[in-house]
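What follows is calculated from the coordinates using simple rules that are stated; it is not laboratory data. It should be emphasised that the depicted structure is a prediction, and the values quoted were computed from it without experimental measurement. When we count neighbours, we look across all protein chains shown, and the Cβ atoms used for this are built from the backbone with ideal geometry, even at glycine.
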């Protein structure tokens, strides 16, 4: 008999029961919100503590300001170096064109000099004949 009563209470044929909590729903939500806030605060504390242990974000703002100043300085140095390189490049180009002009002028003068030597040699070959003709 006890078995039948126990079986009736523990099976599908058992009477329906409604379980209700002792706290009303606004208090329950307030307790859940407080617990979640507390968990969030612990999580944030653990995150910040982990960053401190790892050494991240110790003085990142100061380092960022320093790095920005260094980048600015390096950019100005780069611009000055570019200016010098461009100036020297243009000077090199003008010197090359001047050298090419001088080389062509030297060649022209050498050909002119050779022509004058040829003319002088002709005149010198004619001079002895002219001297002989005058003496006669």
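To the nearest 10 degrees, how steeply does helix 60-135 sit against the main Cα axis of the chain, on a 0 to 90 scale?
With both axes taken from Cα atoms, the answer is about 20 degrees.
Tell me the angle of helix 25-54 to the major Cα principal axis of the chain, expressed in degrees between 0 and 90 and rounded to the nearest ten.
So the helix axis and the longest Cα principal axis differ by about 40 degrees.
Label residue 98 and residue 62 with points 7 Å out from Cα along Cα→Cβ: what is the distance between them in nm?
5.4 nm
With a point put 7 Å past each Cα toward its Cβ, work out how far residue 48 is from residue 4 in nm, to one decimal.
Placing both labels 7 Å beyond Cα along the Cβ direction yields 6.9 nm.
Where in the stretch 72-99 is the amide nitrogen less than 17 Å from a point lying 7 Å along the Cα-to-Cβ axis of residue 108?
97-99
Find the eigenvalues of the gyration tensor of the Cα atoms of the chain, then list the square roots of 5 times those eigenvalues as equivalent ellipsoid semi-axes, largest first, in whole angstrom.
Working: eigenvalues 2719, 118, 25 Å².
After diagonalising the Cα gyration tensor, the semi-axes are 117, 24, 11 Å.
Divide, for the stretch 51-94, the radius of gyration over alpha carbons by 2.2 N^0.38 Å, where N is the residue count.
Values: Rg = 19.0 Å, N = 44, 2.2 N^0.38 = 9.3 Å.
Here the answer is 2.05, to two decimals.
Summing -39500 (n - 2.57) over the DSSP H runs of n ≥ 4 in the chain and dividing by its residue number, what mean residue ellipticity at 222 nm do you reach, to the nearest 500 deg cm²/dmol?
Taking each H run of at least 4 residues, the total per residue is -31000 deg cm²/dmol.
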